[in-house]
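Single-structure report; data block below.
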Amino acid sequence: MQDLVHLTCIAGNGGRGKISFRREKYVAKGGPDGGDGGDGGNILIRATSHRSTLDHLAGIAKIEAKSGGAGGARKKYGEKAETQVLEVPVGTRVIISEQNQTALHRQLSVGDQPLKRKQVRFKRYEVDFRGNLITDIADEKAMELLPVGQVDIDKPPVLGQVVADLSQDGDEYLLCQGGFGGRGNTRFKASTMTTPRIAELGTPGERRQIWLELRVLADIGFVGEPSVGKSTLLSVLTKAKPKIAAYPFTTLEPQLGRMTIGDRELVLADLPGLLEGASEGRGLGNEFLRHVAHCKALCFVVAVPEEILLAQSTDEKSMAKTVWDQYQTIRTEVITSYPELKNKDLLVVLSKSDIYSAEFIALAKSYFAKKNTPLVVVSGATGSGLDELKQNFLQYLT
């Protein structure tokens, strides 16, 4: 699943106004009739529930809107370019890494709102009586990118400017505003200037380099080491069908499912397995740790490792300590990356209860209780404890 992409987005430039004069039979010296240039195309980002990943943007480096058409003779307006709409899944954040002067001007002037024509400065150009250009119409300096931050793809992108958090279906963000079309020489006719040989250039469109980060938006996220039964829990609590197999890292991307309890519908997320050192890049590392931060509540799933279960020399008290240490290890990794989660409501689940003895389950509950951490014991295979788990979900979210 593609959940982090980098794009260069370029809005269209405004078309330049036309310098022309009415020339018809029997009208040798008609007045100015140059039309206005058309506005350049915008780039708009829109969140939609019809998309669940950023896969459709994989391999795309640049998104560019068309420029406005130049004005024509006989007061003809230049064509206005269409807005380019970029659809993204709900839960996408927009992060700016670079932008040009034009984009920076809007950001400092009106924030996320579109600029009005009167809020920009137009550059004029002029021709001599033979129609030769007097003014250089190139304006490349306004196109230069100015760095405003850097983003490291191996870490949560927090160094750039987060400009939009599209968390609802239909949310929109004007990423790049197109330039305004310049006025033709008809607009400059006056009693003191009956044959104006000046017109306006269109203003440059905005250019931005951005990161799009897709976050998993779930009520409850299942967090735990590989092969502790997270995917099995998701499959029995919802209609989701995650891949389940007897080897680590079966889940390589977040899996979502919907569970209905009474009149409430909860979104559950099976997050890829984490290992000690994940905050330093071990295992699947930071790539998936950031999804944890966007769940309303965390459900830490623990289980006795298979090698310990098979070792006859391991006593049940030691096994209880093992699952506690497992919980502490994963929780430490999460908090290391996102300290703000330290006070988030937590729920700890011991899965695979169908393969444990009653004595061990009692010892495990007692061990966690002494640490002021309630433990819910469940089995995805038999359904034992699932009703208690559902009630706990509701309790943590009310």
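Just so you know, all these numbers are worked out from the coordinates, no wet-lab data involved. What you see is a predicted model, and the numbers here were worked out from it, not measured in a lab. Every residue, glycine as well, gets a Cβ built from its backbone with ideal geometry; the counts of neighbours run over all protein chains shown.
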### Protection proxy ranking of 3-9, 79-85 - average other beta-carbon atoms within 10 Å, highest first
3-9, 79-85
### Message
Need the full-extension length gain, Lys116 to Ile60, defined as separation in residues times 0.36 nm minus the C-alpha distance. One decimal, nm.
### Response
17.1 nm
### Query
Which net charge results for the neighbourhood of Gln161, defined as the other residues with beta-carbon distances under 12 angstrom from its beta-carbon, given Lys and Arg at +1 and Asp and Glu at -1?
0
### Query
Given the pairs Lys29/Lys118; Lys75/Lys123; Lys62/Lys344; Lys25/Lys123, which span a C-alpha to C-alpha distance of over 30 angstrom in this model?
Lys29/Lys118; Lys62/Lys344; Lys25/Lys123
#### Entry: 3J(HN,Hα) from dihedral phi, region 81-98, Karplus parametrisation 6.51/-1.76/1.60, rounded to Hz, x for glycine, proline
6, 7, 6, 8, 9, 9, 7, 9, x, 4, x, 8, 9, 10, 10, 8, 10, 8
### Summary
Residues whose built amide H sits under 5 Å from the amide H of Gly34, excluding neighbours closer than 5 in sequence, are Ser20, Lys75, Asn185, Thr186
### Query
What ³J(HN,Hα) values, in whole Hz, does the Karplus curve 6.51 cos²θ - 1.76 cosθ + 1.60 give for region 67-76 when θ = phi - 60°, with x put for Gly and Pro?
7, x, x, 6, x, x, 5, 6, 6, 7
### Query
Which net charge results when you count Lys and Arg as +1 and Asp and Glu as -1 among the other residues whose beta-carbon is under 12 Å from that of Gly15?
+2
### Query
Which FRET efficiency value, to the nearest 0.05, do you get for Thr48 and Asp263 by plugging their Cβ-Cβ distance into 1/(1 + (r/R0)^6) with R0 = 22 Å?
0.25
### Message
Quick query: amide H of Glu64 versus all other amide H atoms, modeled in the peptide plane; which residues come in under 5 Å with a sequence gap of 5 or more or a different chain?
### Response
Ile10
### Query
Relative contact order for region 4-214: what is it in percent, counting Cα pairs under 8 Å that are at least 6 residues apart?
37
### Task
For Thr48, list long-range residues whose amide hydrogen, built 1.01 Å from N in the peptide plane, is under 5 Å from its own amide hydrogen.
Val88, Val90, Gly170
### Query
What list of ³J(HN,Hα) values in whole Hz, one per residue of region 11-27 in order, does the Karplus curve 6.51 cos²θ - 1.76 cosθ + 1.60 (θ = phi - 60°) give from phi, with Gly and Pro shown as x?
6, x, 7, x, x, 7, x, 9, 9, 7, 10, 5, 10, 9, 4, 6, 10
### Query
What's the local net charge at Thr83, with K and R +1, D and E -1, over the other residues with C-beta under 14 Å away?
-4
### Task
Could you give the size of the charge dipole of region 320-388 about its Cα centre, using +1 on the Cβ of each K and R and -1 on the Cβ of each D and E, expressed in debye and rounded to the nearest 20?
260
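Would you please calculate the Kirkwood hydrodynamic radius of region 4-214 over all C-alpha pairs and express it in Å, rounded to one decimal?
18.5
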## Note on the structure
Protection proxy (average C-beta count within 10 Å per residue), highest first, orders 103-109, 217-223, 116-122, 89-95 as 217-223, 89-95, 103-109, 116-122
